[in-house]
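J.: Dropping the structure in here first, questions after.
The values are calculated or read from the model by the stated rules, or taken from the named source; none is laboratory data. Predicted, not measured: the structure shown is a model, and the values here were computed from it. Counting neighbours? That spans all protein chains shown, and the Cβs are built from the backbone with ideal geometry, glycine included. To get the accessible areas, we keep the full protein, side chains included, count just its heavy atoms, and leave off ligands, DNA and RNA. Shrake-Rupley method; radii C 1.70, N 1.55, O 1.52, S 1.80 Å.
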Amino acid sequence: MRIIEATDYQDMSKIAADYIIEKVNQFPKIKLGLATGGTPMGIYSNLIADHQKNGTSYRGVMTFNLDEYVGLSGDNPNSYRYYMNHNLFNHIDIQMNNTFVPRGTIDDVLKECESYEELLTKHKGIDLQILGIGANGHIGFNEPGTSFQSQTHVVELAPSTRQANARFFNRLEEVPTQAITMGIATIMKSREILLLVSGEQKKDALKTLLTGNIDERFPASVLKNHPYVTIIADKAAIAGLKVHS
Ligand code: PGA
């Protein structure tokens, strides 16, 4: 794993966005794996600003999101479909039918998981996956203990994850208890992975990732088995760690 040290959140977002823009220009039909949450917001605003200023085009790009809450429809402001539309897709020239987020309100969520996995296979997988990391080491919504062999599946969210995400909802009780997430094996099939880590609250997770063993109790540790991972972390997350960039 290569690690790039950014000065702060803005710098991390800019480095990651520039990297993605370069790839999109180089490979106009690139398939991007996208993430939601607080971490990638700055990346998306940089992509929008660049699209408006420099005209980087997403006409041929396909996107696949990591996860979605079970029970929230795309017009619910807390759904990840809504997040993606409002924080990125509505502001660039991507074709909406080339954007995929698991559907959280479908009757048969298990079938939706299978279909999502099939969709990824049909399109020959993700070229570049953007990832955040949970304080407990989760990637996507793969909580500690998830099998490294897992494919897209339904998960029960850990209390700490619901607590961490409650900041986006009015009340903790409103945070769904389940989600659909790409599995760990699904994520590992991506040809390249960019892992973003920002802030003091992610410091311990980054340390465990860099210094700990590969262990299903810390899902992100699987990334050490991937041949092409770049971590972009800011100073607050790296503080005190010895890293070689
Ligand atoms: P965050 O979440 O970007 O909102 O911190 C990342 C994650 O939990 O994967």
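J.: Within the group Ala164, Ala179, which residue is among the hydrophobic types (A, V, I, L, M, F, W, C), open to solvent by less than 20 Å² (accessible area, probe 1.4 Å) and closer than 22 Å to Pro40 by Cα?
T.: It is Ala179.
J.: Restricting attention to segment 96-135, report how many residues are of a type in the set (D, E, K, R) and either touching a helix residue (DSSP H, G or I) at 6+ places or on another chain (Cβ under 8 Å) or closer than 25 Å to Ile43 by Cβ (or both).
T.: Residues that pass the stated criteria total 4.
J.: Something else about it: In segment 74-92, what count of residues is obtained for those that are open to solvent by less than 40 Å² (accessible area, probe 1.4 Å) and either in a loop (DSSP other than H, G, I, E, B) or modelled with pLDDT under 95 (or both)?
T.: Residues meeting the conditions: 5.
J.: Further question on the same structure: Suppose we keep only residues that are of a type in the set (Phe, Trp, Tyr) and away from the ligand (no atom under 16 Å from the Cβ) within segment 113-165. Which one would you say is farthest from Ala17 (Cα to Cα)?
T.: If we take residues in segment 113-165 being of a type in the set (Phe, Trp, Tyr) and away from the ligand (no atom under 16 Å from the Cβ), then Phe148 is farthest from Ala17 (Cα to Cα).
J.: Looking at Thr146, Thr186 in this structure, which one is of a type outside the set (A, V, I, L, M) and in a helix (DSSP H, G or I)?
T.: Only one candidate qualifies: Thr186.
J.: I would also like to ask the following. From (1) at pLDDT below 95; (2) in contact with a strand residue (DSSP E or B) (Cβ under 7 Å, 6 or more places away or on another chain), pick out the condition that doesn't hold for Ala164.
T.: Among (1) at pLDDT below 95; (2) in contact with a strand residue (DSSP E or B) (Cβ under 7 Å, 6 or more places away or on another chain), Ala164 violates only (2).
J.: Hey, can you tell me all the residues within segment 46-68 that are within 24 Å of Lys122 (Cα to Cα) and more than 13 Å from the ligand (Cβ to nearest atom)?
T.: Residues satisfying the conditions are Ser57, Tyr58, Arg59, Gly60, Val61, Met62, Thr63, Phe64, Glu68.
J.: While we're here: Any residue at all in segment 57-68 that's part of a helix (DSSP H, G or I), open to solvent by less than 30 Å² (accessible area, probe 1.4 Å) and not acidic (Asp, Glu)?
T.: Checking segment 57-68: not a single residue is part of a helix (DSSP H, G or I), open to solvent by less than 30 Å² (accessible area, probe 1.4 Å) and not acidic (Asp, Glu).
J.: Right, something else. Assuming Leu172 fulfils every condition listed in (1) closer than 26 Å to Glu200 by Cα; (2) surrounded by 21 or more Cβ atoms within 10 Å (Cβ to Cβ); (3) at pLDDT 95 or above apart from one, which condition is it?
T.: (2)
J.: In segment 16-45, what count of residues is obtained for those that are within 16 Å of the ligand (Cβ to nearest atom) and open to solvent by less than 50 Å² (accessible area, probe 1.4 Å)?
T.: 13
J.: Looking at Lys207, Lys124, which one is open to solvent by 20 Å² or more (accessible area, probe 1.4 Å), at pLDDT 95 or above, in a helix (DSSP H, G or I) and not β-branched (Val, Ile, Thr)?
T.: Lys207
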